[in-house]
Every structure is written in structure tokens, then in C-alpha cells.
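Below you'll find the structure, written out as C-alpha cells, and then a few comments.
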């Protein structure tokens, strides 16, 4: 019955869910801790109403868990998938803001799935990987173009009602054996939306990135201002950067993490830790982090707080400074 009065707080791109991916955005409640109001709006994309609501609620649980641990000095146990050891960490380091391990933290690498703990762990790992793969793509121009004229790709674009836009899709897999797909949507040379998804299955990663683009496009239509407040000069630079992107791949040595997770990761990653962030055993929220990786969106403002993290050192500050700010959300 949790969603009985939810219609007052929910916007949907198609309230009838007529067999096409439908974007939904809403808030179960305001998340407020110690007089601080935290992000509480959730979004989802699904062809089924029940799944859409469950995705929204899961995202709400993630945000609630992050807020409840804000600046907490209470200890939490973390399990390192690589060393198979248990580490102790203050809960506040896995919540919003600066910390001494990953530099800065937002919702990246946080996941909740009430039906499968394994899927929850996979989703959290995938989120962490995709944001770090994005650094290589955006600031070092690494990755490969995906042929949008491929019949299966065109079909996915059409199903999500994005065929009238100029779409660029890319794939990259430097940090793990999983696939990361990145999408950027233009209309008349202007950035309209972006999407990114990491998954062990390429098709799922492709579908996820395209659906992310659809979600952000719809969210932009609800707002008085764009998620991409760029000057015309910045728009032109980014459009040229994406249009003239050339395939560039580097080899990477991978090491097996877990057969259960079907995951291998780059040898540059020294640790990969899992923690249960929520305090309620019935609503487990998983947080994944690594001291080698960032745990936030790779925009310049965040990266300047992560200069001691291995991946940022590897990219180099000059590459970050001399590149337009990352627009992929």
C-alpha cells in the first residue's frame, strides 16, 4: 500500500504503460537529517508499472541510507573482494561529501534490490565501474563508436522514441570484463541528453544507456532550465568533440574477482570493498568502493577533490583541465 497516494508525487511520460519504455519520476518523501535536506527525487524507466515503482522505491532507499550515514563516526564492516579480508571504516566516508579514501562521494556505487542481494552487489559494482570508465572516455578520448545503423541498435532507439534525435553511442572496457556503454543525444547540435550503463551483458548495457538517455530527456522537459547549462561555444566544442571521436583502445591486464559475479578487473585496482550501508536488515542497501577509484560523477569540481586517488593520478590533472567538463550524468 506504500504507493496508494503516490500519484500526487509522481510524473510519468505515459500513465497507461502501453508496452513502451515509460519514464517515471517522483519522491516517496523528503529526506531530511539534522536540518539538512538531502536528494530525494527518484526516476525509472520500464514498460511495467510495478517494476517502475519498485525501481523508484529502491532509489529512494539508497538515498535514505546515504543521508542516514552523513558525517557518522560509527564504524561499519567492509569486505574486500580481492584480499578476502574485512576492513573497518567510519560510515560517514560512504555518505555524501569529502572523505580521505575516495576523495568525494555521491550516490555512485550504491544499490538496493529487495529481491536479490547478488544483483544489488552487481549493480553497485557496475555503477562504480561506469563512472570510472567515463573518465577514460571523456578526458582521454578512449573507447569505440557503436554503429547506430545496426538493426538491433536502431530498434532499441525506436522503441525508446529517440529516432528523431542525433545519437552517438560508444563502448569502453578498460577497467573490467563488463561492458560500459555511453550515449549522447543532440538536437540541432545542442546537447539534449546523456546516458551511461555498465553490465556484464552487452545488450543490457546498451539498453540501459539508451533508457538513461530517455529518462534525462524527459526530466529536462519537466524543468524550467536544462541539465546542460552550456554556452553556445561550449555546445559547439562538445558537439565537435563527439562528432570527430576516433576509436582508440588500450590493452589492459585483468584479474579474476569472482566466478559468482562473472567479473574480472584491471590490475590497477588494488581493492574492491562491499559494505551494507542500511541499518534495517529488511531493506539492504549496498555500497561499493575502491581506494583506486572515484565514487562520484567525474565532473571537474568533483575530480579536484579526488586528486590523490590512483585513477585521477593516472589520467593527469592537465588532461582534466584542458578538456571541457564532463556532461554525461
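General remarks:
- Matching entry among 237, 210 (being surrounded by 18 or more Cβ atoms within 10 Å (Cβ to Cβ) and closer than 20 Å to residue 167 by Cα): 210
- Candidate set from the range 282-320 (those that are part of a loop (DSSP other than H, G, I, E, B) and surrounded by fewer than 14 Cβ atoms within 10 Å (Cβ to Cβ)); member that is farthest from the chain's Cα centre (by Cα): 282
- Residue within the range 140-151 that is farther than 30 Å from residue 291 by Cβ, surrounded by fewer than 17 Cβ atoms within 10 Å (Cβ to Cβ) and in contact (Cβ under 8 Å) with a residue 60 or more places away in the chain present: yes
- When each of 77, 55, 50 is tested for being loosely packed, with under 15 Cβ neighbours inside 10 Å and assigned to a helix (DSSP H, G or I), the lone residue that passes is 50.
- Any chance residue 323 is outside any strand (DSSP E or B) and out of contact with any strand residue (DSSP E or B) (no Cβ under 8 Å at 6 or more places or on another chain): yes
- The range 97-152 holds strands (runs of 3 or more DSSP E) entirely within its bounds, and those carrying 3 or more residues that are touching a helix residue (DSSP H, G or I) at 6+ places or on another chain (Cβ under 9 Å) map to 103-105, 110-112.
- Output for the range 27-41, where each listed residue is surrounded by 11 or more Cβ atoms within 10 Å (Cβ to Cβ) and either modelled with pLDDT of 80 or more or closer than 16 Å to residue 96 by Cα (or both): 31, 32, 33, 36, 38, 39, 40, 41
- Count of the range 241-281 residues which are over 18 Å from residue 294 (Cα atoms) and not in a loop (DSSP other than H, G, I, E, B): 12
- Residue in the range 220-235 that is under 30 Å from residue 26 (Cβ atoms), modelled with pLDDT under 95, assigned to a helix (DSSP H, G or I) and in contact with a strand residue (DSSP E or B) (Cβ under 8 Å, 6 or more places away or on another chain) present: yes
- Filtered residue count, the range 171-195, keeping only those that are in contact (Cβ under 8 Å) with a residue 40 or more places away in the chain, within 21 Å of residue 238 (Cα to Cα) and surrounded by 17 or more Cβ atoms within 10 Å (Cβ to Cβ): 7
- Members of the range 191-219 that are in contact with a helix residue (DSSP H, G or I) (Cβ under 7 Å, 6 or more places away or on another chain) and part of a helix (DSSP H, G or I): 206, 207, 210
- Just one of the listed residues (95, 46, 42, 117) is touching a residue at least 24 places away in the same chain (Cβ under 8 Å) and either within 14 Å of the chain's Cα centre (by Cα) or more than 30 Å from residue 267 (Cα to Cα) (or both), and it is 46.
- When residue 20 is tested against the conditions (1) free of Cβ contacts under 8 Å to residues at least 60 places away in the same chain; (2) assigned to a loop (DSSP other than H, G, I, E, B); (3) more than 24 Å from residue 288 (Cα to Cα), the lone failure is (1).
- Residue 267 vs. criteria free of Cβ contacts under 8 Å to residues at least 40 places away in the same chain, farther than 21 Å from residue 329 by Cα and in contact with a strand residue (DSSP E or B) (Cβ under 7 Å, 6 or more places away or on another chain): yes
- Subset tally (residues that are more than 18 Å from residue 149 (Cα to Cα) and touching a residue at least 60 places away in the same chain (Cβ under 8 Å)) for the range 197-210: 4
- The condition of being assigned to a strand (DSSP E or B), modelled with pLDDT of 95 or more and crowded, with 16+ Cβ neighbours inside 10 Å holds for residue 168.
The values are calculated or read from the model by the stated rules, or taken from the named source; none is laboratory data. These numbers come from a predicted model, not from an experiment. Every residue, glycine as well, gets a Cβ built from its backbone with ideal geometry; the counts of neighbours run over all protein chains shown.
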